[in-house]
Structures are given as C-alpha cells and as structure tokens.
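Here it is, the structure, as structure tokens.
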Amino acid sequence: MTELPREIPADALRGVVPRLSRYIPWRPTPRQAAFLLLPGLEAFFGGAAGGAKSVALLMAALQYADVPGYAALLVRQNYQMLAQPGGLMARAQEWLGPTDAVWNADHHQWRFPSGATLTFRHLQDAGAERNLQGAEYHYIGVDEVTDFTEDQYRFLFSRIRRSADSLIPLRMRAASNPYGPGVEWSYRRFIVEGRAHGIVFIPARLEDNPHLDREAYEASLKELGPLLYRRLRDGDWTIRPEGGLFEASWFDGRFMELRSVPAEIRLCRYWDLAASEQVRGSDADYTAGALLGRDRDGTFYVIDVVRARVSPLGVQQLVQRTAERDRGLARTRDRPVPVIRMEQEPGAAGKALIDIYSRLMGPFDFRGQVSSGSKEARAAPVSARAEAGQLWICRGAWNGEFLDEVCAFPQVRHDDQVDALSGAYAHLAESEGRGHARVSRARIGDPTQRVRRSGPPDPSPPPPPWERARSSRHQR
C-alpha cells in the first residue's frame, strides 16, 4: 500500500480538481481539495482551529447534490452547535439560500431539484441515535468529532449504505480540533492507528484558510493558556499537561480492546473515596475506582476507570453497581471476578467506614487497604511499569480524562484516578508474592519482550523524576 505523506505540500494537487457541484460557491484550498478527492470510506481532517475543516465537510456533503437519490448527513453534538453563527447550518444557508435548493425547517433538511437531500442532525439527547434508525446515507460528515463518544461515532457507520446498482461513493468524514472529551479516542483512531486501517488523516493549519482574518484570530488565540493555545493554534494532538511522573509517549500504541485482554488474569477494582460531595462553587475531589488486571507474565491492564462527584449514598450505590457490572462482565468473558479493595484512612473513622462497606458488599471479596508513603511514592512503581511498556489501556470513553490526570500528576488539582490506579497496582503486586515479575528498565523500547516470573523480588522503585532532578542539581 502506498503511504500518504503526513503533510501535503501546497502545490501537490496543482491541476487536480475534485468533483464540485454548482452548489459549492467557494474554491477549495489545496488541503480541502485533497480531502474532497479521497476515495476511501473513512477520512479525518483535523488540527488547528480556523483551518476551514467544517467548510470542507460541507463541501464534501454537496459534491453529489446534483445526483438523483443522493443523501448526505451532517452531524454535531448538539443543535446549538449546528445553528450558531458561522456553524454548518448558517454556512449552508449562505451558500444554498440563493439557489434552487429548498429548506425544510421542520426536518432541518435541504432538498435539491435532483431529489438529493442534505440533512442536519445532533446526538445530544440520550438515545438520539434511535432517530436515525432506518435512514440511509451515502455521506456522513461529523463536525468536531471529539465532542462525541467513540460508540456514537461508530454507530453512524450503520447508516452508510446504498443500493446494489448505485455508483455514488460511500463516505464517512470527520473533522475536529485536538480539544474535547473525545480527544483521546480520536487521536488514537485517526492518527495513531488510522493508517493501518486505511483511514487518511489530513492535518489542518490556520495558514490554509484564506477566508479568515488570521491576524485577528491569532490575537484571540493568544488569550488562551499555553496548553490550549498549542492545541488550537498548532493543532498539536500529543501535548498534555506535564507533571513529571508519567509521559504521554509511554502510552502511544498501548491501547487495546477489552476482548484482547488475556483470559488468565487477576483483577482488582480499587476505590479512592472523596472526602465530600460536590457543592456549588467548589471544586471537590472525585470518588474514583480503577479496574486493573495483571497477567501471568507481569503485564498490567487498565481495564476501566469510573469517577463521580456524588453524595455518600450515591458513592455506596456506585460501588455496589460497579461491583455487579464487573462480576457480570467477568463471567461473560470467562474471567475471575475482581476483588474489591478500598483505601482505608487511618484511625477509628476509617475502620468504621470500611465496616459499613464490608456489610454492603456482601458476597464480594472486599477489604480495606491501608496506604503508606506519599502519593508520589505509591505511584512510582506504576510509572516504572508504564515506562517499561508493561501497562496497557483498554479503550473506553474514560481514556481522555484518565490520561490527562495521569500525565499531569503530581502537578494536578485532582489525583483520584492516580490514587485508585496506585492502590490496585499495590494489591496485585503485593499479592503476587516475592516471586512476582520483575520490571526491567533495560526493556524500554522493546515492549514485545515478555517478563519472567523467576528471580528475586522487585528492587525498591527508582526515585520520581523530580527527586532525580534535585539529586542531579546537588551533585553539580
């Protein structure tokens, strides 16, 4: 297979013109033209804000508007995003209002003399996907795909179909900035793993948009913090808050489907409870529960993470509900039921809380676990595993918030997910006994090597990066 360049030169498509219907009044930029020329089922136009990605989605939707029977769909997360000034519906009105296309406000749909249609939909409401059942589209464009869950995006593929004798191409197209709750799965699907699955990624740049006052927009973007500025101005998908104990690059290529987790695995769901519930105007901690697995070779798998800000009763219900779900999932996949551990605070109050949960959890293997040492010291062994390529993450909607916290730790306001991960790791590592698998920093860069179970116990974990840096300064 011929690999496409990651960056498309501005003159690479000179003389090559995509199919354009008379309903597209603007001339495509070189990158938009590349996007419109793509023949495959799935493609992604992503990167800097102001790169004319949404316009490219609208152009692609209108390419076959003169063909009888053609049906296109443009989707955003909610209706307000569709209808806002400069949004897809406003731009479509600007382009199509003076033409012979007819707007149906009740159905949010443009109909063309050919019989082709362009429809606008959102997936904001629970179960909104059901409104699309039975629909058939040749083209679906998803704007700001990072506002969606991966399951919502994948569901839309079920609406892409055509009759056996149709020659209209089937296309799923997405666009987004590297910002939003779904940034992690989008980065993984479209950029990290996309090429291997035939997904073409076209980077967007602010400089590519001739219709935007770039100087004024650049000044607006400079009001953002440095992290968000680099994401929106430069289209940087890899930047994360920097904390020092974990690096984002350690998790590149370390995502997997749940079904691929080994069957012979020991599981622990560990809970870190918040001290109080959310109060309006406050920034309370979360209750977090991490489900971690360890296989026979000493490789660890972050299978699921849940977190919430709820009342004490809500926390109890969350822990019980999650235990039932974990048990059902384990049984359907022929895996052992996870043990449940919870951080036990020192003193009588901590013991009393664990006693309450012991009664609540009934048939489950539940116990309190007393922690010792600083949060950084408890997280250091997990950091070593991650750096050695021995920590995998199952794909899920929780990935983005989890990795943002992990990679910013300990310079982060909330560290509940890290605490839950460290607790689950401590239980699985300790219960393995003195013969548990060794972490070898020499294996960094060679994640295909499997660790052995023989040998002496793990040495004391290395000092965290900030301690190593401090030591180096003293030595100098």
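Based on the Kirkwood radius over alpha-carbon pairs, what value in µm²/s does the Stokes-Einstein equation return for the translational diffusion coefficient of the range 30-234 at 20 °C and 1.002 mPa s?
Result for D is 122 µm²/s.
Take Arg154, project a point 7 Å from its Cα along the Cβ direction, then tell me which residues of the range 394-420 have their backbone nitrogen under 11 Å from it.
Of the residues in the range 394-420, 395-397 have backbone N under 11 Å from the label point off Arg154.
Along the principal axes of its C-alpha atoms, what lengths does the range 147-208 span, in descending order and rounded to whole Å?
Extents along the principal axes, in whole Å: 39, 29, 22.
Let me ask you something else. For Ile239 and Leu41 in the same chain, what is the full-extension length gain: residue separation times 0.36 nm, less their Cα-Cα distance, in nm?
68.4 nm
Can you give the Rg to Rh ratio of the range 31-73, both from alpha-carbon atoms, with Rh computed by the Kirkwood formula?
Rg divided by Rh gives 0.99.
Let me ask something additional. Counting Lys and Arg as +1 and Asp and Glu as -1, each charge on the Cβ, what is the dipole of the range 381-434 about the Cα centre in debye, to the nearest 20?
Dipole about the Cα centre, nearest 20: 180 debye.
Within the set of other residues whose C-beta is less than 12 Å from the C-beta of Asn78, count the net charge using Lys and Arg as +1 and Asp and Glu as -1.
Surrounding charge for Asn78 is -2.
First measure r as the distance between the Cβ atoms of Ser21 and Arg321, then evaluate 1/(1 + (r/R0)^6) with R0 = 51 Å and state the FRET efficiency to the nearest 0.05.
0.50
Further, regarding this structure: Counting other Cβ atoms within 10 Å, which trypsin sites (Lys or Arg not before Pro) in the range 164-244 have at most 10 and lie in a DSSP loop?
Answer in residue order: Lys222.
If you don't mind, there's one more thing I want to ask. What is the calculated FRET efficiency for Ser372 to Glu129, with r their C-beta to C-beta distance and R₀ = 41 Å, to the nearest 0.05?
Using R0 = 41 Å, I get an efficiency of 0.30.
Further question on the same structure: Across bins of 5 angstrom width beginning at 0, how are the C-alpha pair distances of the range 168-257 distributed, in whole percent?
Values per bin, smallest distances first: 2, 10, 19, 21, 18, 14, 9, 5, 1, 0, 0.
Now for a different question. Per residue of the range 416-430, what does 6.51 cos²θ - 1.76 cosθ + 1.60 with θ = phi - 60° give for ³J(HN,Hα)? Whole Hz please, x for Gly and Pro, Karplus curve as stated.
5, 5, 5, 4, 5, 5, 5, x, 5, 4, 4, 5, 5, 6, 5
So if R0 is 41 Å, what FRET efficiency would Val310 and Ala164 give, r being the distance between their Cβ atoms, rounded to the nearest 0.05?
Rounded to the nearest 0.05, the efficiency is 0.20.
Just to confirm a number: summing +1 for Lys and Arg and -1 for Asp and Glu over residues other than Gly362 whose beta-carbon lies under 12 angstrom from that of Gly362, what do you get?
Here the count lands on 0.
No value in this document is a laboratory result; all are computed from the given coordinates. Since the structure is predicted, the reported quantities are computational estimates derived from the model, not experimental observations. With ideal geometry, Cβ positions are generated from the backbone for all residues, glycine too; neighbour counts draw on all protein chains shown.
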